[in-house]
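*Asks:* Input: one structure, supplied below.
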Amino acid sequence: MEGVSYQRFPKIKIRTVRDDFMKFELRETDASIANALRRVMIAEVPTIAIDLVEIEVNSSVLNDEFIAHRLGLIPLTSERAMAMRFSRDCDACDGDGQCEYCSVEFHLRAKCINDQTLDVTSKDLYSSDHTVVPVDFPDSSTGLDNADNRGIIIVKLRRGQELGLRAIARKGIGKDHAKWSPAATVTFMYEPEIYINEELMETLTLEEKKEFVESSPTKVFDINANTQQVYIYDAEAYTYDDEVLKKAEAMGKPGLVEIHAKEDSFIFTVETTGAIKASQLFLNAIEILKQKLDAVRLSADTVEADEQFGELGAHMRGG
């Protein structure tokens, strides 16, 4: 309808932030924006990954293609990815993809000279740019960086076996290949709204209350040990499985609880590969989404100009 504005002003509330994990609330918007943000984080935020491998020597048990594939999947620190050029658009190397503006060079050379198996890992990759290196994962058992952390295993060598190679890492996005995706997982759920009918709940015996609470696969409800009243323990644990609603009907108590999804409120969980921090992934995704919306607005303006000026509008744009 002409003159009606559908403009909304989404709000973000950060709950938890770590280098590789982030949980936040997105409110006052709809599922289309929430899903667009999720898809951009997964597939359109650029990172740097190995894209070209030249094997100089390989006497390991793995063939060249297998090793090249494993190298491509090693996450590289990609803080400068947004500022880099895509190799196909780089005018400094005419799209060759092998210059300082659009690529980073790596070298690896390893040889086993004794009877002990040699693990060749991501720590054996030497980068031409100190800001782009294989991600160093902390020891998960201690939560602290481990000086003896061996990195990601590429191949194992026995006595006399050798591996030497040169690799070129380039900027890319997950839409082109999964190795460029900065996200291990990005999920969102509607924030649940749960209401307990206290009057109806009081008609249940303690045993029936326990059966009702235990009918949920996740711990959404619990019973207060002192008052023996059912209360909401963790609303966000609800997985929209309807098990408690079915249990209430089976007990002859429909309307015992009401559960609704807030259609303008979403809870996001983001885990990264370590290529970029979770907070930076979110900010980059917002920036890319804004660029896409600007492109849509420009396209709409162009169509409107064509309708208004016809061939003159196209001629003014050089069409």
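*Asks:* Of the residues in segment 222-272, how many are within 30 Å of the chain's Cα centre (by Cα) and either under 18 Å from PHE24 (Cα atoms) or free of Cβ contacts under 8 Å to residues at least 24 places away in the same chain (or both)?
*Replies:* 20
*Asks:* Additional query: Quick check on this structure: which one of ALA169, ALA235 is open to solvent by less than 50 Å² (accessible area, probe 1.4 Å), farther than 26 Å from VAL45 by Cβ and not polar (S, T, N, Q)?
*Replies:* Values: ALA169 fails: farther than 26 Å from VAL45 by Cβ.
The unique qualifying residue is ALA235.
*Asks:* Could we say that ILE74 is modelled with pLDDT of 95 or more, touching a helix residue (DSSP H, G or I) at 6+ places or on another chain (Cβ under 6 Å) and assigned to a strand (DSSP E or B) here? Please lay out each step first, then the result.
*Replies:* Numbers: modelled with pLDDT of 95 or more: yes; touching a helix residue (DSSP H, G or I) at 6+ places or on another chain (Cβ under 6 Å): yes; assigned to a strand (DSSP E or B): no.
Spelling it out, it is not the case that ILE74 is modelled with pLDDT of 95 or more, touching a helix residue (DSSP H, G or I) at 6+ places or on another chain (Cβ under 6 Å) and assigned to a strand (DSSP E or B).
*Asks:* Might you let me know whether segment 2-21 holds any residue that is of a type in the set (A, V, I, L, M) and buried (at least 21 other Cβ atoms within 10 Å of the Cβ)?
*Replies:* Initial filter on segment 2-21 (of a type in the set (A, V, I, L, M)): 4, 12, 14, 17.
Now drop any that are not buried (at least 21 other Cβ atoms within 10 Å of the Cβ), which leaves none.
No: zero hits.
*Asks:* For ASN63, which of the numbered conditions (1) over 28 Å from TYR101 (Cβ atoms); (2) over 25 Å from the mean Cα position of the chain (by Cα); (3) surrounded by 18 or more Cβ atoms within 10 Å (Cβ to Cβ) fails to hold?
*Replies:* Result: ASN63 passes all but (3).
*Asks:* Quick one: count up the residues across segment 179-221 that are open to solvent by less than 40 Å² (accessible area, probe 1.4 Å) and of a type outside the set (Lys, Arg).
*Replies:* Number satisfying all stated conditions: 17.
*Asks:* Let me ask another. Count, please, the residues in segment 37-56 that happen to be outside any strand (DSSP E or B) and open to solvent by less than 30 Å² (accessible area, probe 1.4 Å). Spell out the reasoning first.
*Replies:* Keep residues of segment 37-56 that are outside any strand (DSSP E or B), which gives 37-46.
If we keep only those that are open to solvent by less than 30 Å² (accessible area, probe 1.4 Å) too, we end up with 37, 40-41, 43, 45-46.
Total satisfying the criteria: 6.
The values are calculated or read from the model by the stated rules, or taken from the named source; none is laboratory data. On a predicted model such as this, the values are computed, not experimentally measured, just so you know. Using ideal geometry, Cβ is built from the backbone for each residue, glycine included, and neighbour counts are taken over all protein chains shown. Quick note on the areas: whole protein, heavy atoms, side chains included, nothing else; ligands and nucleic acids left out. Shrake-Rupley method; radii C 1.70, N 1.55, O 1.52, S 1.80 Å.
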